[in-house]
Each structure stands twice: as C-alpha cells, then as structure tokens.
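Down below is the structure, laid out as structure tokens.
The values are calculated or read from the model by the stated rules, or taken from the named source; none is laboratory data. Please read all numbers here as calculations on a predicted model, not as lab measurements. For neighbour counting, all protein chains shown are included, and Cβ atoms are generated from backbone atoms with ideal geometry for every residue, glycine included. Surface areas here come from the heavy atoms of the whole protein model, side chains and all, with no ligands, DNA or RNA. Shrake-Rupley method; radii C 1.70, N 1.55, O 1.52, S 1.80 Å.
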Amino acid sequence: MNMDTNNNTNSCYKQEEPQGLDEELMMSDPLNKRLLSEYAFVRTRQEASAPDVEAAWQRFDKSRKASGHKARLLAVRCYAAAAIVVCAIVSAVYLFFASERDDMQPMVDRQYAEYVVNEKGNVLAFEATDGPRVVMMGNADQTLEPIVRQIEDDNIKADEEKAVVMAIPAAKVLDIAKKTITTPRGATYDIELSDGTRVKLNADSKLTFPVNFNGSERIVELVGEAFFSVARDEARPFIVKTVNANTTVLGTEFDVRAYDDMLTSVVLKNGKVRVDSNVKADEEVTMETEQSATIRKDGTIALYKADAEKQTMWTTGNFCFDMTPLLVLTKEMGRWYNVNIEIEEEVLDHYPISFEMSRECGLAEFIEKLNSLGFLDVTLQENNVMIKCKGGILPAMKVINSDKTSDTPQP
C-alpha cells in the first residue's frame, strides 16, 4: 500500500531560483512565472529542515568572542538570550508542523482525470451525448427499457424515482439472474436491493445486481458513481466491483466513484471496508471512517483523510467542490448538464475551486457562479461551454468560497 503524506515542514519559506532554465524566457510569460513560483514553493516546503539551535548558538558565541568588547557583555548576554528565545520559538513551530504532517490531507493525484487537447490547444474536458434522458432498466444481458411508468412484477417494483427489489424463492429464479439500472445525465436514482441495502445512483451511472443474493457473497457491479448503505450480514460480505478495484464490506456507508474518464475512488462515511486493486496484484488497503482511497493508473492505492459529508453531498441534491481541480469540476458539471466543455489554458485543469450550490440550479446559474470567482471567463454558446483565464493571468492558487479566502499556495 502507498500512503501519500503532505511534506509540510515549515510555514516560512523562501523562493527557490529555477535551475537549468532560461530565466528570461520563462519569466516573460505570466503563466510560466506563476508556475515557477508554485514549483519553488513546493520544493522549499519539501526540502526545508528543522532550525539548528546549537549551530546558531555556536555562530553567535564565536562572533561574541571575536568582538572583544567586554564593556558590552551585559548587552550581548541580553541579545544572546533573545536569540535563544527566537530559535526556541521557531523550533517549536517546526515541531508543531512536523507533528501535524501525517494529519495533513494531500492533494489528489494530478492524473485524476482523462482529457485530450485539440488542435487549438484547448483541453476537451467533457463531451455531451445523445444518450437516453430517462432511467433505464432491464435484464443484464438484454436491451434496457426506459422506466416511464410504474413497473411491478414478481421481484421488482419501480417508478421514475425508485426501484425496490424483492427477494423471491430460489426455485422461481436462477441465482445468476441479474438486473441492470442506468441513470441519464442530470438525474440520480434510488434502489433498494433484495437484502435491504440502499443505493443512490449518481448521474450517468450503471449498476448491475442479482435479483437474489443466494451465495456466500453479495456482489454488484458499478460503472459511474453510487452511494451505498449496506445492510449488515457478517456471513455474506457485500462487494462492489469496478474495472479497477473491488470494495468489500459487511455493513456500512460508503461512496464509490468509477467513471471511465477518472481515477476510481472510494470514500468511507463510517465503518470499515477493504479495497483491492484489480490492476496490481496483492495491492489492498483497509479503510476506516472519514478516509478516501484512490486507485492510480498503475494499480497502486493512495489513502487520504476525507470529509465524507462534503464528498457525498451529491446524495442530498447539492454540488460541493472543496479544493476540487477545475478538470474534475467540469466532469461533474458536464455529467449533470450534458454539455461540451473546453478549457482554453491547459494550466487551468488542476486549479483548485471551492463552492457549494444546489443541483436544482440551472446551467446559467452554474456558469454565473464560476464567473463570480473573478479569475475565470466562462461562456456558453449553444451547448458548448468555454473556460479561460480572465485577463489571461491567474492569481496565486487559493481557496475561494463564500466563507473564507486563503492565499496559501497549493502543491
């Protein structure tokens, strides 16, 4: 297992000079200048070391003896005492940050989402689709049909908002009989499985599940995102299978995100789950409450602290972006509003954005919110959203929301 840790070693830092670069060329471009500044910030935070109090005192004592002014001995002692106090304070600050290092939540992998760059150099963040606009359901191996009216048969009751699966005697249905439910962009759907597990399926997602859980395991398959409230059954673990990972639980609440264009991630709201990589053999982690796991492209799993309440606010009908990279935000925006999205400057893709708003808001309101941040120029033409820097220059990376603004650069 790979544990990512934040390398915060000192809150005070100096700018590091770029090495091996044509400084005049690099600094002539404002975006290059900002990126170099951020790089310097990260490097100095990574390489900063604890203040050496003993070495500082030796340098001071040597200087004091060389001066030879005995008449100023009292004043020198006062200065020495002050210097020791200052060094002690700096040391305490360092130790505080060092002790907190393991508690800091690192930023997500830069390779968090897939995208392509077109001939104009714009990032194609998301593409609209002509797919179904309603929830679809059917047998896993057959054509799906839209749920446009109330459906009721031997094992399932469904309408446009919710499906309830009822366990039926094994003699009436094969154990392998499965159903699939898909959601369109811009809609969620509630499912209650035959074991009592409740599932909320996010937009543009697909869940395949057995009508009966008759075996020693309860297995479902997910493409997209879903929040699970698993009915406890210690004799039969509940397993969510995705392309890149399997998540195994006995009974708990957790979110799995497994869209094709993003890294697979799991957020645990409470309880304990195990996540196994399907890409790298023997790679697994055991998660505890308020943790998230990301399965990287190479199959390794990174474990993070998480604010599960914020990261699952979509289940209550809200957008919640908390230091969310712009590219990830556009994925969620595109899946909800079904629009094409282009980012004009590639450097914007990992820029962190923070705000909350209701999913009931229309696309125009969402765009207005992005523009209100002050540094983005977001426009809509027909079904195409274009995002670029306002004025061509980005401010230093910061948290921007209605409650607070922090100018701390982010790695």
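Listed residues LYS200, LYS179; which is in a strand (DSSP E or B), closer than 16 Å to VAL135 by Cβ, in contact (Cβ under 8 Å) with a residue 40 or more places away in the chain and in contact with a helix residue (DSSP H, G or I) (Cβ under 8 Å, 6 or more places away or on another chain)?
Of LYS200, LYS179, the one residue that is in a strand (DSSP E or B), closer than 16 Å to VAL135 by Cβ, in contact (Cβ under 8 Å) with a residue 40 or more places away in the chain and in contact with a helix residue (DSSP H, G or I) (Cβ under 8 Å, 6 or more places away or on another chain) is LYS200.
One residue is enough: does region 354-362 have a residue meeting the conditions in contact with a Lys or Arg (Cβ under 7 Å, 6 or more places away or on another chain), at pLDDT below 90 and more than 21 Å from GLU127 (Cα to Cα)? Full working, then the answer.
Here is the first cut: in region 354-362, the residues in contact with a Lys or Arg (Cβ under 7 Å, 6 or more places away or on another chain) are 355, 357.
Checking the rest, the ones that are also at pLDDT below 90 come to none.
No, the conditions are met nowhere in region 354-362.
Name the residues in region 364-397 that are open to solvent by 60 Å² or more (accessible area, probe 1.4 Å), in contact (Cβ under 8 Å) with a residue 24 or more places away in the chain and among the β-branched types (Val, Ile, Thr), would you?
Across region 364-397, the qualifying residue is only ILE393.
So, in region 205-246, of the ones that are open to solvent by less than 50 Å² (accessible area, probe 1.4 Å), more than 23 Å from ALA187 (Cβ to Cβ) and among the polar types (S, T, N, Q), which residue ends up nearest to the chain's Cα centre (by Cα)?
Applying the filter and picking the extreme gives ASN244.
Which pairs turn up if I take residues in region 130-150 that are in a loop (DSSP other than H, G, I, E, B) and look for partners that are surrounded by 11 or more Cβ atoms within 10 Å (Cβ to Cβ) and among the acidic types (Asp, Glu) with beta carbon separation below 8 Å, at least 6 apart in sequence or on another chain?
VAL134/GLU160; VAL135/GLU160; ILE147/ASP159; ILE147/GLU160; VAL148/GLU160; ARG149/ASP159; GLN150/ASP159
Taking region 258-293 as the region of interest, how many residues are within 19 Å of LYS331 (Cα to Cα), touching a residue at least 60 places away in the same chain (Cβ under 8 Å) and part of a strand (DSSP E or B)?
Total satisfying the criteria: 1.
I need a count of the residues in region 298-316 that are open to solvent by 30 Å² or more (accessible area, probe 1.4 Å) and not in a helix (DSSP H, G or I).
Within region 298-316, the subset open to solvent by 30 Å² or more (accessible area, probe 1.4 Å) is 298, 305, 307, 309-311, 313, 315-316.
Still in the list and also not in a helix (DSSP H, G or I): 298, 305, 307.
Here the count works out to 3.
Of the residues that sit in region 367-398 and are more than 20 Å from the chain's Cα centre (by Cα) and in a helix (DSSP H, G or I), which one is modelled with the lowest pLDDT?
That would be GLY392.
I'm checking my understanding of the structure. Among residues of region 217-231 that are assigned to a loop (DSSP other than H, G, I, E, B) and in contact with a Ser or Thr (Cβ under 8 Å, 6 or more places away or on another chain), which one is nearest to LYS272 (Cα to Cα)? Talk me through it step by step, then tell me what you get.
Here is the first cut: in region 217-231, the ones assigned to a loop (DSSP other than H, G, I, E, B) are 217, 230-231.
The next check asks that each one be in contact with a Ser or Thr (Cβ under 8 Å, 6 or more places away or on another chain); those that pass are 230-231.
Numbers: VAL230: 12, ALA231: 14 Å.
Taking the candidates together, the pick is VAL230.
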